[in-house]
């Protein structure tokens, strides 16, 4: 059951985990100096990043182009390919901005 938490912009959920998974999360949290909750949030944010708007993507591409002198060509090309894939996915979705 999802319960909003007043004033914090978060929701509280009940989550059942296998004991071995909880142990792995706890170990990772300790290694990173975080609580188990923070470790789960950090991991989920990395796996489910916030969607960029087309405007954000264009701005990011402009910034990447301006900074291209500092990085290797292969790193820059990989990042450009990733952003272009995101743009393509966004454009193909109905109602995309």
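Throughout, read-outs are computed from the coordinates displayed, never taken from laboratory work. All figures in this text were calculated on a predicted structure; none of them were measured in a lab. All Cβ positions, glycine included, derive from the backbone under ideal geometry; neighbour counts span all protein chains shown.
A few comments on the model shown:
- Extension gain, residue 57 back to residue 84 (0.36 nm per residue minus Cα-Cα distance, nm): 8.9 nm
- Computed from the Cβ-Cβ distance with R0 of 41 Å, the FRET efficiency linking residue 77 to residue 25 stands at 0.70.
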